[in-house]
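Participant: My questions will all concern the structure given below.
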Amino acid sequence: MTHIETRNNRKWFYAVTCTLYAVLLAYAARNLTAETLWYDEAGQFFIAKGLNHWSEPYATSGGIADVIYSNSHYNQDPGGYGLILHFWSMVSDSAIWLKTLSFIFFIGAIIFTCLAVKLITGNRAVSAASGLILFALWGNGSQCHELRAYSMELCGMAYGLWMIFHLRKNNSLSQLLACSLALSAFVTARYTMLMAGGLYSCFVVYSIWCNRIDTSRQKIIKSVVFGLPLLCTATYIYVYAMSIQNGGIAPLSYIGYLETGKRSIIFWVLAVAIVATWRKLTPDTRLLTVIFWTFNLMFVALGALKMLPWNFFGNKGGPFIWMLYVMLLCWICSLMGKRTSSTAFQWSTLAALCLLIAGVSAVYGASNLQPTEYFNTAELLRGIDYDNTDTIYTSRGASPEVRYLFEYGSLRKMAKEAGYPDRFHMLKGTIHCIGIRKRDMKKENGAILDSLPSGSLLLSKFLGNDTIPESYTEISERIYVKQ
């Protein structure tokens, strides 16, 4: 093949790859237009306002201190995403604008995945296509549009991996400080990212001390410059979030902590196969293999202790599937050696990634491509006959969604027509802290609903454990009436 033909092939490869990104991003972005924020998203929004899921209607938004307090009492995340959302929502409170924040972090995860694979494999074409693996994550939920910290976590995972290989080539004080500050921001996303960030940091410090050029004094200074911001951030997270939310690290009832079954067997077969080819791997791929194994073994231990989950499904499994995909791609490139520069290999890689996305979509549902599965509360509220309805009771799960839509979202203009907030009686939940004595809101809400006269209307079933007394009959989806 001539030089001109090779260059034309590369142009076509990059053109097709860019087109795939554009099409898939556009397809994923259609969920940004969903006007309803489901319970978790609405709760995240109110936390970012310094309020909580069950604040009074039209409560005044708070400042940063209120955001930190609300996060520590009504969430199970370190709270960094809520702080960013606090400032982001100053521009607009519309659902599409709010969800765009997660979409930007998702694009950041794609970019840093490409950059990391480029440093590990040295292959421009394969690295350019590697970001497509973000569309092959599976399960319920979606990192790219859900108003939660999952996309920030994915971006942090990709950034941290890139950072390790980047700092091996340039670990000047300015680079170490800049990378540490950025990683410090990312570890505030979720506790999984906090642990991953700590692991990434260990590899960076190890590389600093493996440098034969620097003196011991220089290594100490570099280690302090890199580690101090992260140590301060971890201390802040413990004091202002973790110690309040779940100081005893008790298991959470709604989390599956340890992956079992066929998926875990396939994972370990692949993981062992990678180690079995150790001698054929490049030095950078060997380092990635060590990171991959250490990362997963750490979370297997945490999952067995029911401290943090290690699974491959849904939003919480995203980091582990992402890491597996990156490892497999770099492993194959390492085994193929110089053949990775051939146009046949590059096109085959692109085709394999497309087949992976298609296969995941068919078998599990690609989480960042499938349409949103969340209930359209806005449509339900539009369909109520308010002229013939006196009082509407909303369950503790429904209240955050209803409040967002009428106070900030797409139903603001019809709030007066619907008689909001006077016509609505919002049932409440309680703080999300673990290990402290709480009011039994389920019992209290049940007593309120039982005392109502026949014909009372209830919006419920927005959470799996919403209160629905036996005396209530469902007359349409999520609308119940007292018999």
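Participant: Need the C-alpha centroid separation for the stretch 450-483 versus the stretch 103-144, integer Å.
Facilitator: The distance from the Cα centre of the stretch 450-483 to that of the stretch 103-144 comes to 45 Å.
Participant: Using a cut-off of 13 Å between beta-carbons, work out the net charge of the residues near residue 309 (Lys and Arg +1, Asp and Glu -1, residue 309 not included).
Facilitator: Its environment carries a net charge of +1.
Participant: In addition: Using +1 on the beta carbon of Lys and Arg, -1 on that of Asp and Glu, and nothing else charged, what's the dipole of the stretch 250-363 about the Cα centre, debye to 20?
Facilitator: With Lys and Arg at +1 and Asp and Glu at -1, about 220 debye.
Participant: Report the FRET efficiency, 1/(1 + (r/R0)^6), for residue 387 and residue 361, where r is their Cβ-Cβ distance and R0 is 45 Å, rounded to 0.05.
Facilitator: Efficiency at R0 = 45 Å is approximately 0.50.
Participant: Could you give the Stokes-Einstein D for the stretch 280-331 in µm² per second, using the C-alpha Kirkwood radius, 4 °C, 1.567 mPa s?
Facilitator: 111
Participant: Please list, short to long, the whole-number percent of alpha-carbon pairs of the stretch 201-294 in consecutive 10 angstrom bins beginning at zero.
Facilitator: 12, 23, 28, 29, 8, 0
Participant: Right, another one. Given 20 °C and 1.002 mPa s, how large is the Stokes-Einstein diffusion coefficient of the stretch 361-414 in µm²/s, with Rh as the Kirkwood radius over Cα pairs?
Facilitator: Estimated via Stokes-Einstein, D reaches 160 µm²/s.
Participant: Moving to a separate point now. So if I restrict to the alpha-carbon atoms in the chain, what is the Rg, and what is Dmax, the biggest pairwise distance, in Å?
Facilitator: 24.8, 84
Participant: Based on the mean of other beta carbon atoms within 10 Å per residue, what is the order of 65-78, 246-259, most packed first?
Facilitator: 65-78, 246-259
Participant: If you average the alpha carbon positions of the stretch 278-306 and of the stretch 152-225, how far apart do those two centres end up, in angstrom?
Facilitator: About 17 Å separates the Cα centre of the stretch 278-306 from the one of the stretch 152-225.
Participant: If you line up the Cα atoms of the stretch 313-457 on their principal axes, what length do they span on each, largest first, in Å?
Facilitator: 76, 40, 26
Participant: Can I ask one more? Could you tell me the calculated FRET efficiency between residue 268 and residue 348, based on Cβ-Cβ distance and R0 = 35 angstrom, to the nearest 0.05?
Facilitator: Once the sixth-power term is evaluated, E becomes 0.85.
Participant: I want to check the label-to-label distance for residue 30 and residue 124. Put each point 7 Å from Cα in the C-beta direction and report it in nm to one decimal.
Facilitator: About 3.5 nm separates the two model spin labels.
Participant: Show me 109-119, 271-281 ranked by packing, highest mean number of other Cβ atoms within 10 Å first.
Facilitator: Top to bottom by mean Cβ count within 10 Å: 109-119, 271-281.
Participant: While we're here: With each pseudo-label sitting 7 Å past Cα toward Cβ, what's the residue 474-residue 181 distance in nm, one decimal?
Facilitator: With each label placed 7 Å out from Cα toward Cβ, I get 5.2 nm.
Participant: Here's another thing I want to ask about it. Considering the alpha-carbon set of the stretch 1-111 alone, what are its Rg and its Dmax in angstrom?
Facilitator: 20.2, 71
Participant: With the dipole of the chain worked out from charges on the C-beta (+1 for Lys and Arg, -1 for Asp and Glu) around the Cα centre, which of 255, 405, 424 lies farthest toward the positive end?
Facilitator: The residue sitting most towards the positive pole is 255.
Participant: Okay, next question. Sort 339, 7, 286 from largest to smallest accessible area, using a 1.4 Å probe on the heavy atoms of the protein chains.
Facilitator: 339, 7, 286
Participant: Still on this structure: What ranking, highest mean first, results for peptides 311-318, 367-374, 12-19 when packing means the other Cβ atoms within 10 Å averaged over each residue?
Facilitator: 311-318, 367-374, 12-19
Participant: Another question, then. What's the magnitude of the charge dipole for the chain around its Cα centre, counting Lys and Arg as +1 and Asp and Glu as -1 at the beta-carbon? Answer in Debye, nearest 20.
Facilitator: 2340
Participant: Shifting gears a bit: With both bridge residues required to lie in the chain, what share of the DSSP beta bridges run antiparallel, to the nearest 5%?
Facilitator: 55
Participant: Let me ask something else. Considering the Cα positions of the stretch 252-339, please state its Rg to one decimal place and its Dmax as a whole number of Å.
Facilitator: Spelled out, the Cα radius of gyration and Dmax of the stretch 252-339 are 14.0, 50 Å.
Participant: Next question. Can you tally the net charge around residue 173? Count Lys and Arg as +1, Asp and Glu as -1, for every other residue whose Cβ sits under 14 Å from the Cβ of residue 173.
Facilitator: That works out to +2.
The values are calculated or read from the model by the stated rules, or taken from the named source; none is laboratory data. Quick caveat, the model's predicted, so the values are computed rather than measured. Note that each Cβ is placed from the backbone with ideal geometry, even for glycine, and that neighbours are counted across all protein chains shown. Surface accessibility is based on the protein's heavy atoms, side chains included, excluding ligands, DNA and RNA. Shrake-Rupley method; radii C 1.70, N 1.55, O 1.52, S 1.80 Å.
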